[in-house]
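Below you'll find the structure, written out as structure tokens, and then a few comments.
The values are calculated or read from the model by the stated rules, or taken from the named source; none is laboratory data. Quantities reported herein were computed from a predicted structural model and do not represent experimental measurements. Glycine also receives a Cβ, built like all others from the backbone with ideal geometry; neighbour counts cover every protein chain displayed. Calculation scope for accessible area: heavy atoms of the full protein, side chains included, ligands and nucleic acids excluded. Shrake-Rupley method; radii C 1.70, N 1.55, O 1.52, S 1.80 Å.
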Amino acid sequence: MPPRLARLEADGLVTHDDVGGKKVYRITGEGREQLRGRMDDLADLEEEITASVRGIAREVTQDI
């Protein structure tokens, strides 16, 4: 199991079942709550990345 999935499972955020010899992971109710609680953080991050990319594009355009 990848370390991140192991950590998420240990934290109770995901669970898994063995299906056809493969592990199938599912997000738990607690995991969904964590995601809902972090949607604003994700939106802020997206805005920061967009602003950064626009700034780089402006600089490249000015250099051309």
Item to check | Rounded FRET efficiency, nearest 0.05, which uses the C-beta distance separating Leu45 from Ala10 and R0 of 35 Å | outcome: 0.90
Next on the checklist: Residue by residue through the stretch 55-60, what is 3J(HN,Hα) from phi via Karplus (6.51 cos²θ - 1.76 cosθ + 1.60, θ = phi - 60°)? Round to whole Hz and write x for glycine and proline.
Outcome noted: x, 5, 4, 4, 4, 5
Checklist entry - Residue-wise, which Karplus ³J(HN,Hα) couplings in Hz belong to the stretch 34-51, taking 6.51 cos²θ - 1.76 cosθ + 1.60, θ = phi - 60°, and x for glycine or proline? => result 4, 4, 4, x, 10, 4, 5, 4, 5, 5, 4, 4, 4, 5, 5, 5, 4, 4
Next on the checklist: Given the whole protein assembly as supplied and a 1.4 Å probe, what does the accessible area of Asp63 come to in Å², nearest 10?
Outcome noted: 130
Next on the checklist: Defining a contact as two alpha carbons under 8 Å apart and six or more residues distant in sequence, what relative contact order in percent does the chain show?
Outcome noted: 19
Next on the checklist: Can you compute the helix-only [θ] at 222 nm over the chain? Use -39500 (n - 2.57) per DSSP H run of at least 4 residues, normalise by all residues, nearest 500 deg cm²/dmol.
Outcome noted: -21000 deg cm²/dmol
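In whole percent, and with a 1.4 Å probe on the protein chains, what portion of the accessible area of the stretch 14-64 is carbon and sulfur? Before the final figure, lay out the partial values.
Details: 2360 of 4560 Å².
Using a 1.4 Å probe with all protein chains present, the stretch 14-64 comes out at 52 percent carbon and sulfur.
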Item to check | Long-range amide H partners of Val14 with built H, under 5 Å | outcome: Glu9, Thr28
